[in-house]
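What follows is calculated from the coordinates using simple rules that are stated; it is not laboratory data. Please read all numbers here as calculations on a predicted model, not as lab measurements. Glycine gets a Cβ as well: all are built from the backbone with ideal geometry, and neighbour counts include every protein chain shown.
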Amino acid sequence: MSDLRLDATQLDRYSRHVIMDEIGPDGQQRLLEGSVLVVGAGGLGSPAIQYLAAAGVGRLGIVDDDAVERSNLQRQIVHGDSDVGRPKVESAADYVAALNPDIDVETHETRLTAETVADLVGDYDVVLDASDNFATRYLLNDYCVLTNTPLSHGAIYRFEGQVTTFPNDRDGDRSAVESDRDAGDDAAGESPCYRCLFPEAPEPGTVPDCATTGVLGVLPGTVGCIQATEVVKFLLETGELLDGRLLMYDAMDMTFETVEMRQNPACPVCGDTPEIESVDDVAYEGTCEISAD
Ligand SMILES: [Zn+2]
């Protein structure tokens, strides 16, 4: 890569990146050539979209089938008061266009389902899960495991958030992995997936967060920014990702805690004898809906 590919305006816009050895013109070029699908243009998606666009991630896909409501504006900062009633993807795309003309925004005003996930994820480098429901969370996890697509996970509840990154860089196809294991390798060092932690989505009505609940407005800002940080590092191929680590943030106590996660050999999608070999194997809808994203 050559720094000649950044024009004078870009060298100016991204000068605080370019000046750093860890990024430089080549790193900025990688960001400009990078692509991220942000699923959800709500509380987590807002800061993620804003910072990824500002950083110069060249191709941003945004999936959301909702319209902006006034009650969103307390935390979904990519939208403004005049956007109430507009599709969230349009409002978010307008924000990006105004911020950085380098960014190619692709809007998808639709719901991510087992039928649409392959077309939507397509050839994006990374998926950033900024969704607000278990159906989407499990669907993205399973699809990204099965297709070796890197996935950033973020979730919030009231005053607490959690973030992790699933690189999904397992070697080759599953049959190759199995033959490695047959040859005596254990799964040591293998990265976990979301189902390794939580194998099944809760049934409707079984967990307290099924009901609409409140959320501290700035909380998704913090969590979405951490997700954007991870994605930028992934595209730059620098730093240590939250791979095999779950970062838990408590805004009330103002504590950050990191717990190690291991791959679960009994995991239904990435384990030794997976039950899920296609997203068509799972009924994603009908699981508990969580509320304020
Ligand atoms: Zn797993």
Requested in this report: Would you calculate a helix-derived [θ] at 222 nm for the chain, using -39,500 (n - 2.57) for each DSSP H run of n ≥ 4 and dividing by the full residue count, to the nearest 500?
Outcome: -9000 deg cm²/dmol
Query raised in the report: Can you give the % of DSSP beta bridges in the chain that are antiparallel, to the nearest 5?
Result: 50 percent
Query raised in the report: Could you give the dipole magnitude of the stretch 1-142 about its Cα centre, charging the beta-carbon of Lys and Arg +1 and that of Asp and Glu -1, in debye to the nearest 20?
Result: 360 debye
Report summary line: DSSP beta bridges in the stretch 1-145: the antiparallel percent, rounded to 5, is 5 percent
**Report entry** GNM result for the chain, Cα springs below 10 Å: residue of 79, 17, 153 fluctuating most strongly
**Finding:** 17
Report task. Give the whole-number value, in cubic angstrom per residue, of the convex hull volume spanned by the C-alpha atoms of the stretch 195-278. Result -> 157 Å³
Query raised in the report: What nm value, rounded to one decimal, do you get for the distance between residue 86 and residue 12 when each label is placed 7 Å out toward the C-beta?
Result: 2.7 nm
Report task. Take the eigenvalues of the Cα gyration tensor for the stretch 1-90, scale each by 5, and report the square roots as semi-axes in whole Å, largest first. Result -> 31, 12, 10
Report summary line: Summed over the other residues with a beta carbon less than 14 angstrom from that of residue 35, with K and R at +1 and D and E at -1, the charge totals -4
Report summary line: So, with points 7 Å from each Cα along the Cβ direction, the residue 280-residue 113 label distance in nm works out to 1.5 nm
Requested in this report: Starting from the coordinates of the alpha-carbon atoms of the chain, obtain the Kirkwood hydrodynamic radius over all distinct pairs and give the value in Å to one decimal.
Outcome: 19.7 Å
Requested in this report: Rank by packing, highest mean first: peptides 108-119, 230-241, with packing defined as the count of other Cβ atoms within 10 Å averaged across residues.
Outcome: 230-241, 108-119
Query raised in the report: Pick from 150, 167, 101: which residue has the top mean-square fluctuation in a GNM of the chain where Cα pairs under 10 Å get a spring?
Result: 101
Query raised in the report: What dipole magnitude, in Debye to the nearest 20, does the chain give about its Cα centre under +1 on Lys/Arg Cβ and -1 on Asp/Glu Cβ?
Result: 940 debye
